[in-house]
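Read the structure below first, then the notes.
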Amino acid sequence: MKMRSRLGPFAQSAFTVYWSGGLVSNIGTWLQNVAASVFVYDRTGSALAVGILNFAAFAPMLLFSVTGGVISDRFDRRTVIVVTHVVSFVISAALAVLTIAGAATELHVMATAFLLQVSWTLAKPSSSAMLPALMPRAQLREAVGLNTLQFMVAQLVGPVLATILLSTSGYGWAFSINALTFVGPIVAMAYLWSRGIGGRAPRDEGAAKEAQSVVAYVRTQPWIAWVLVGVVSTSAVLEMIRTIAPALVTTRLGVPSSDAGLVVAAASVGMVVGILASVPLGRRGYARALAPVGLVMQFVGLFALGATTDLVVAGTAVALAGCGFSFCFPVLTSTIQTEVPDAVRGRLLAFHQMAHLGNRPFAALAAGAIAASFGVTAACLGGMVLAPIGLVAVRAAWRGLDRQAEPVAAMARTSV
């Protein structure tokens, strides 16, 4: 019993299989992201072209997130995940064949990035929505943290794997291995099917009607909008770093473009360190303070990145920015999860997903355009503007929450 307690959600076999399948797939995703960026930069020599690639890769999040949520509510979630991942396998395999045959162009890579992201965006709500069915409710918060850690591990392993493959085997192998990783979630869903877990949730008409008024609810809770602004601010920093990485390593650091994967991996190292450091700090009551501290860390990291010509210093600066993200983002995310009613939580988390990931195409385009026109140092300086915006948003969100809590506390004192 003591061992099961230490394992937490991993004591539930369904969650372990779900988590492992997601890890395999996400490693492939980050392998693909880095390999595609380097491919496009090598073919074009343009940071703007990389920005266009990343715009194509993340625009579907803005276009199809709501559709994915509707699909998640209406169909068996396991089926949605299997179908989307089979489609992704076919798309990735086609790019791998074209690349090995020497026929792939930057347009093929951009189109593949767009189609893969459409598939991921349609699957993501189903994947997130089934999480509460995999473990006791008391373990859900820890499971969410472990899921976040899974993405960070993938962001560390995938870029390093990309660096190794690009320097030894080439793009064809990188794209081929990514295609194979889509099998991971398919196997996980087959296991959940055998256990009768994770299917379509029962329809709750009352909750559905309440959820339709989510926009009206947000208008009565302005702190939510401020939290979403904070999410955009801290998330966009990392996307800007990923976009300029190929240009950074070649024009500023004087190393091969394949080393862009090391820069992206450094951000992931910082993110993992940040998650591990933030847990004990949060338990001691410093959770709210972590968000502004994280934004300041990202500000300093971008400044150092723009000023250096050394790979080690650049990696350290990027790691600092990644650590800052892990201080800020989980605090903002958990605030929405814990402070809003269940009837509107799912739709609000869809808005959260759009704030977190939907900003990426615009951040990528902006970073790529600035780097192409004025250099990577200018792109870093431009990204520093996000930190003050985030600080203002976080402060406004905390003030709004405190004002909301005051009447509740007064009523509690009166009833006593």
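Here, each number is a calculation from the coordinates, and none is a lab measurement. None of the values given here were measured: they were computed from a predicted structure. Neighbour counts run over all protein chains shown; Cβ positions are idealised from the backbone, glycine included.
Points to keep in mind about this one:
- With the highest mean first, a sort of the peptides 70-79, 294-303, 242-251 on other beta-carbon atoms found within 10 angstrom per residue produces 242-251, 294-303, 70-79.
- Helical segments meeting 18 Å axial Cα length and Kyte-Doolittle 1.0 threshold in the chain (DSSP H): 47-74, 77-100, 140-168, 222-247, 260-281, 287-307, 311-339, 360-374
- Each Cα pair under 8 Å and six or more residues apart adds its sequence gap; the mean of these over the residue count of region 10-203 is a relative contact order of 46 percent.
- Charges were assigned to the Cβ only: +1 to each Lys and Arg, -1 to each Asp and Glu. The resulting dipole of the chain about its Cα centre is roughly 1060 debye.
- Computed on the chain, with alpha-carbon pairs under 8 angstrom and 6+ residues apart, the relative contact order is 25 percent.
- Packing, as the average of other Cβ atoms within 10 Å across residues, places the peptides 187-195, 102-110 in the order 187-195, 102-110, highest first.
- For the chain, the Rg and Dmax computed from alpha carbons only, in angstrom: 21.2, 76
- Peptides 323-336, 304-317 ordered by average Cβ neighbours within 10 Å, highest first: 323-336, 304-317
- Percentage relative contact order, region 52-157, counting C-alpha pairs under 8 Å, at least six apart: 43 percent
- The chain: calculated mean residue ellipticity at 222 nm from DSSP helix runs of at least 4, using -39500 (n - 2.57): -28500 deg cm²/dmol
- Rg and Dmax, both from the Cα atoms of region 210-407 and both in Å, are 17.5, 59.
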